[in-house]
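Report on one structure; see the data block that follows.
Derivation of every value follows stated rules applied to the coordinates shown; laboratory data play no part. Fair warning: this is a prediction, and the values are worked out from it, not measured in the lab. Methodologically, a virtual Cβ is constructed for each residue, glycine included, from the backbone with ideal geometry; neighbour enumeration extends over all protein chains shown.
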Amino acid sequence: MEQLIQQIVNGLALGFIYALIALGYTLVYGIIRLINFAHGDIIMVGAYIALFSYLLLGFGFLPSLLIAMVLCSILGVTIERIAYRPIREAPRITALITAIGVSFLLEYSFQLFFGPQQRAFPEFIKTRYFKLGLLSVTNEQLLILGVAIFLMLILNYIVMKTKTGMAMRAVSFDKDAARLMGINVDNTISITFAIGSSLAAAAGMLLGMYYQQIDPLMGFTPGLKAFISAVIGGIGSIPGAMVGGLVLGITEVFVVSIGYSTLKDGVAFLLLILVLLIRPRGIFGEKVVEKV
Amino acid sequence: MMEQLLLNFLSSYQIQVLSFIGIFTILAISLDIVNGYTGQFSIGHAGFMAVGGYVAAYLTFYHQVPFILATLAGAFAAAFFGLLIGIPTLRLRGDYLAIATLGFAEIIRVAILNLDVVGGARGFAGIANLSNFDIVLVFTLVSFVLLFNFTRSAYGRALQSIREDEIAAECMGVPTTYFKVLAFVIAAFFAGIAGSLYGHYLMFLHPNDFGLLRSIEILLMIVLGGMGNLWGAFLGAIVLSILPEALRTYNGIVYTIIVVYLIGVVISYQKGRYSLLKWITGIVIAGLTVAALLIFGKDIIVKYAGQMRMIIYSVLLILMMLFQSSGLIGLARDLAKPLSRKLRGA
């Protein structure tokens, strides 16, 4: 029983990272109905920026986090501007293939410039163990939880309480109607990409701290898993993305802890397919009615 | 037979490249049935290739089954998996289907990694060399003819009606789910054949050969060639099988740059963005690139070109989608249009 609770605690950190990434997916999907495959690679870019701001500039945790978030949001907006905006009205498959192309471009340019090998990720804080009753928690895990929850609260505030957030919700509800109401749709989409990418950058840095190493292909699997989380929770739904991420993170740590670490990546997909078969709209998703 | 004949003109290395063009043609045209003709989005084709390859190799390795029978068994196994996967996932649309197929292919790969009887993570070595250029050629021709006729049959038109408008097709009495699953199963069947040819040609199989990268490579072939056209898929398979080989040598790199530049000129001309100034700028840029190649020396460039293969692929993919989403075959058709009009005297 203790073991079980301990595993859940360990899974929470990973789950919150997935949730952060899934939020970006959900925001972008909600607004332009595109699976942004490149989202996973923005995680990787964020982790590299954090690494270099530590190595070259000697920055600590918070400044590195901020730099990574700012630069990645610029990157996200640029990608949207160059690759996605011209084909917004094109068939969905076209956009999806473009997204795959952008993802590969990021992965392999980083491989070319920074080498394919894994790099040790710096310890931004000294690891310490805390005993909470029977459980042991590291301060790193607590930091991951803290940063993730803080960012989610900010996101929730932006989406629910500000004018920008209202514009985002309006565009995702009905793009044309929003435009008629005087909302600048292009800007709103750019802002969505900026927010999603900065969340991904933060997730990348946390992921680096979690695994203690990074490489140019590191973003792909977490990206896919975060997408799976978003689908499990109901794509387009913010609480759904959080719950989906936590479910996936905890399941994964649990599968590893009972000794099937090679099946870890398969389990996520199995979970996805189960959800798609039983409840395709996910836990919090709304029923979509197909219009002719 | 053909192989002996060709050996008079070509090296065995070149014949190997030709064989891979054949294998990838089978993969590309079968994926085109799902993605191009039916308008569904599958990115798990490598999974079916893996099933076919491993089942066939298992049969020839452990039970000395004749190659043809083993290949058919592999193909049927792949088709069975196609059915198994197709029935639940084809109820999903667009993006969900893409992720589900990707997920299934990944599950197949992970499963094979854990299957010790076929080598698991070490790979499956010692497969008999039962496939060669002649066999690949025969299988490619037969597959192409079969699928070509299929796309032109009433079945093929039913698939295309689903692509154009699923709801309208349903209203016209096309059982859309049945046809979608059918397309999926047929594509899986041929992917299985290709897998068997691949395994018995290389005499070695590894689960990681059948990851997402392979699926994307096949997808890229049909995108580059032009979706919904088997000739386009064939063209894409040729280009993308030769390109990585061409990038290994210095001359190949130079030719590649020139060809890509010319295609770019044609596309911009076609889109009415042509102007003499742009053309001159293009020539200057191409000239500078070639000059850079000459200055920096062959070794460095050849070394980096190998590493840049994936970057070149992804840039191609993006540019193709942005400027020429109907692919090379669409470009050829656009170019041929005024010509044929002239020939008809109109």
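If R0 is 56 Å, what FRET efficiency do you get for residue B:289 and residue A:212 from their C-beta distance, rounded to 0.05? E(calc), rounded to 0.05, equals 0.85. The magnitude of the dipole of the protein assembly as shown, with charges of +1 and -1 set on the Cβ of Lys/Arg and Asp/Glu and taken from the Cα centre, is near 1320 debye. Averaged over the residues of peptide A:85-96, the number of Cβ atoms from other protein chains lying within 10 Å of each residue's Cβ is 4.
Each Lys or Arg adds one and each Asp or Glu takes one away; over the other residues whose Cβ falls under 15 Å from the Cβ of residue B:61, this sums to 0. For region B:107-148 versus region A:64-118, the spacing of their alpha-carbon centroids is 34 Å. Considering only GluC sites (Glu not before Pro) in DSSP loops that have at most 14 other Cβ atoms within 10 Å, the longest stretch of chain A without any of them is A:124-285. Using θ = phi - 60° in the Karplus curve 6.51 cos²θ - 1.76 cosθ + 1.60, the 3J(HN,Hα) couplings for region A:32-43 round to 10, 6, 10, 7, 7, 4, 5, 4, x, 7, 5, 4 Hz; x is entered for Gly and Pro.
Of the residues B:162, A:82, A:273, the one whose Cα sits farthest towards the positive end of the charge dipole of the protein assembly as shown is A:82 (charges of +1 on Lys and Arg Cβ, -1 on Asp and Glu Cβ, taken about the Cα centre).
Each stretch of four or more DSSP H residues adds -39500 (n - 2.57); spread over every residue of chain B, this sum gives -25500 deg cm²/dmol at 222 nm.
To the nearest whole number, what is the average tally of beta carbon atoms from other chains within 10 Å of the beta carbons of peptide B:313-326?
On the way: counts 4, 11, 6, 1, 9, 11, 3, 4, 13, 9, 1, 0, 7, 0.
Per residue, the number of nearby Cβ atoms from other chains is 6 on average.
For peptide A:176-188, compute the average count of partner chain beta-carbon atoms within 10 Å of each residue's beta-carbon. Can you show the working numbers first?
On the way: counts 0, 0, 0, 0, 0, 0, 0, 0, 0, 0, 0, 0, 0.
Mean partner-chain Cβ count within 10 Å for A:176-188: 0.
Per-residue ellipticity at 222 nm from helix content only, as computed over chain A with -39500 (n - 2.57) for each DSSP H run of at least four residues, stands at -24000 deg cm²/dmol.
Taking other C-beta atoms within 10 angstrom as a stand-in for reagent exposure, B:310, A:69 fall in the order B:310, A:69, fewest first. Relative to one another, the C-alpha centroids of region A:183-207 and region B:165-216 are positioned 35 Å apart.
Taking θ as phi - 60° and the Karplus parameters 6.51, -1.76 and 1.60, the scalar couplings of region B:43-51 work out to 10, x, 4, 4, x, 5, 4, 5, 4 Hz in sequence order, x denoting glycine and proline.
Phi angles across region B:104-112 convert, under the Karplus curve 6.51 cos²θ - 1.76 cosθ + 1.60 with θ = phi - 60°, into 3J(HN,Hα) values of 5, 4, 5, 5, 4, 4, 5, 4, 5 Hz, Gly and Pro given as x. Cβ crowding within 10 Å ranks A:225, A:175, B:337 as B:337, A:175, A:225, fewest other Cβ atoms first. Cβ-Cβ distance of residue A:128 and residue A:161, R₀ of 25 Å, FRET efficiency by 1/(1 + (r/R0)^6): the value works out to about 0.10.
How about region A:96-145: which trypsin sites (Lys or Arg not before Pro) there lie in a loop by DSSP and see at most 16 other Cβ atoms within 10 Å?
On the way: sites: A:119, A:126, A:128, A:131; in loops: A:126, A:128.
Qualifying residues, ordered by number: A:126, A:128.
For B:45, A:39, the sequence from fewest to most other C-beta atoms within 10 Å is B:45, A:39. Here the dipole of chain B is about 980 debye; that uses its Cα centre as origin and unit charges on the Cβ of Lys and Arg (positive) and Asp and Glu (negative).
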